[in-house]
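One structure is given here, and the rest of the page talks about it.
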Amino acid sequence: DVWDSKQVTAVEITFDGPGIFNVDGEVLEHDGFLRIRVLPAALQLLVGKDEVASAGPAEEAVLPTWRADPARWRMLLLYMFGCMSNQAVWIGFAPIESEVMTEYGVSATFVNFLSMIFMIVYLPANFPASYAMDVLGCRWALLVGGCLQTFGVILRCLPADPVTARYLVMSGQALAAVGQPFFTDMPPKIAADWFPAYQRVLADTLASLAMPVGAAVGFVLPVALGLRPMLYFHLAWSALFLSLTFLFFKAAPATPPSPTRKHHEGKSFGQELAAALCNGNLWCLILSFSCSMGSFNTSSTLAAQLVGPFGYSADDASIFGVVTTFCGVLGALAMSVVVGLTGAHKAVLTTCCVLCVLFALLAALTVIYVGDGPWGLELLALAFGGLGFSAIPLMPISFEAAVMVSQAGEGTLAGLCMSGGQILGIGQTLILGELLQSGHPRVAWILLGVLFLVALLAVSLFAPKGKSFDLLLREESSVEASRTSCSS
């Protein structure tokens, strides 16, 4: 029944009359003639018995058993809205440290812990979140994460004396932190559940971008509104997301977006996790992701402390943060387009890691040898922008590469990658913080660069067996063949 299965750049099909035709999950209406132009290596035309059945005259055509649901973009936007709110809750206290210290009568360490608790709580909460995604689906995972976050921000808004209020705030942050992996592990899962193969990298990238964009919004809100209005804004945002998810987020698309999505339903979570932990290729990817994202997150978190000893102010550090986020969005979009056109995950990951090493080296040389002298600010802004451009795309592309080399659930794979990043992020933050406090900022910068180099070495050992499109095509063909043999 599979009478054509190949990669093409263009195709023209003539039919007996008007009808519909399925191209990789997109059901196209035609008037008897269909011309399809395909971007290089971005799409395969898989024609099997479902397509044969749906290619006849309009009055005889039947809808195929798999197609892309038009509601997928609404589901993605709704997820991004919630993920941004979670990131804003995470980082909200950091920009107004002095106001928080005055309001609750706490130390700077307490304020830092309000953000660090998200990294600490993430590790035990990660696998329950992955299980909820891969077994119960995106809707239930978002409802659980949304409830935890909403209850947490309610606690932060309860009226109380300063001593009680500080514990309510910490408890609220802890609850929201438990809900974090229900958001941050979801990009590859929602991409696989709702999008056809040729749109998954784009969907994963857009979903992942909700994290840095949400953090950027989280930096702006407290400065613009102040502490108390920010808390109420977070509450309204979280409650609105939870309500919209309950009312409008679907449990599953009306039809699977691809044959492989039907094939992967109903697998054992425990067996998939055990197989993933025995996958050497996946461990290379996790190590590369952990070192690069851990170093990037640490450099972003400690930006003011890293550049302060060399004559730069907190305002300069804020400029570096804005440049990093802006360039990161551009980099993620650009790299996702490259992967979408070529399917070359390893080449793009290697390029990103090389750029991370080069820009980390530029930043270290600038602060050590130029300092706050002529062109120092511009060079350092270029270095931070380059780090954002090359490091932020590593998240969605690593998620999709992990799906290529492992049959485990997408939420589980994202959770493994993010857990490694969180562990190294916590360790690097503590070590670099100690180095900075003890007067060794140069050593801190050197350590950041070394870990980016380790990430590059790890990704060089990553060896996928083929390009993503070839793997998907072979798998979809085998699925179609197995269905044919079963029916016969």
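The values are calculated or read from the model by the stated rules, or taken from the named source; none is laboratory data. Here the structure is a predicted model, which is why all the values come from computation and not from measurement. All Cβ positions, glycine included, derive from the backbone under ideal geometry; neighbour counts span all protein chains shown.
Within the set A344, A332, the sole residue that is surrounded by fewer than 19 Cβ atoms within 10 Å (Cβ to Cβ), assigned by TED's automatic domain parsing to the domain that holds L453, of a type outside the set (V, I, T) and under 19 Å from the mean Cα position of the chain (by Cα) turns out to be A344. Only one of the listed residues (S208, S171) is surrounded by 24 or more Cβ atoms within 10 Å (Cβ to Cβ), in a helix (DSSP H, G or I) and of a type in the set (G, A, S). That residue is S208. Residues considered: R200, R228, R156. Of these, the only one that is in contact with a His (Cβ under 8 Å, 6 or more places away or on another chain) and at negative phi is R156. Residues in segment 230-249: is at least one modelled with pLDDT of 85 or more, in a helix (DSSP H, G or I) and under 24 Å from I368 (Cβ atoms)? No.
Looking for whichever is hydrophobic (A, V, I, L, M, F, W, C) and under 30 Å from L273 (Cα atoms) here; the options are V367, V405. Which one fits? Residue meeting the stated conditions: V405.
Here S300 clears all of (1) in the same structural domain as L424 (by TED's automatic domain parsing); (2) modelled with pLDDT of 80 or more except the condition numbered (2). Looking at G146, G226, G218, G179, can you tell me which residue is touching a residue at least 24 places away in the same chain (Cβ under 8 Å), under 29 Å from V322 (Cβ atoms), in contact with a Ser or Thr (Cβ under 8 Å, 6 or more places away or on another chain) and not β-branched (V, I, T)? After applying the criteria, what remains is G146. Does segment 143-165 include one or more residues that are more than 25 Å from Q407 (Cβ to Cβ), surrounded by 22 or more Cβ atoms within 10 Å (Cβ to Cβ) and hydroxyl-bearing (S, T, Y)? Looking for residues that are more than 25 Å from Q407 (Cβ to Cβ), surrounded by 22 or more Cβ atoms within 10 Å (Cβ to Cβ) and hydroxyl-bearing (S, T, Y), one finds at least one in segment 143-165, hence yes. Looking only at segment 87-105, residues that are surrounded by fewer than 18 Cβ atoms within 10 Å (Cβ to Cβ) and either modelled with pLDDT of 85 or more or not assigned by TED's automatic domain parsing to the domain that holds G214 (or both) come to 5 in all. Restricting Y131, Y122 to those that are crowded, with 18+ Cβ neighbours inside 10 Å and closer than 23 Å to M230 by Cβ reduces the list to Y122.
In segment 372-398, the residues that are at positive phi and assigned by TED's automatic domain parsing to the domain that holds I286 form no Cβ pair under 8 Å with any partner that is surrounded by fewer than 19 Cβ atoms within 10 Å (Cβ to Cβ) and not hydroxyl-bearing (S, T, Y), whether six or more places apart or across chains.
Within segment 437-488, the set of residues being modelled with pLDDT of 50 or more and either farther than 26 Å from M395 by Cβ or not assigned by TED's automatic domain parsing to the domain that holds G343 (or both) comprises Q437, S438, G439, H440, P441, R442, V443. G433: in contact with a helix residue (DSSP H, G or I) (Cβ under 6 Å, 6 or more places away or on another chain), closer than 19 Å to A363 by Cα, surrounded by fewer than 24 Cβ atoms within 10 Å (Cβ to Cβ) and not hydroxyl-bearing (S, T, Y), yes or no? So G433 fails the test. A single entry from A414, A364 fulfils the requirement of being under 29 Å from L221 (Cα atoms) and in the same structural domain as G294 (by TED's automatic domain parsing): A414.
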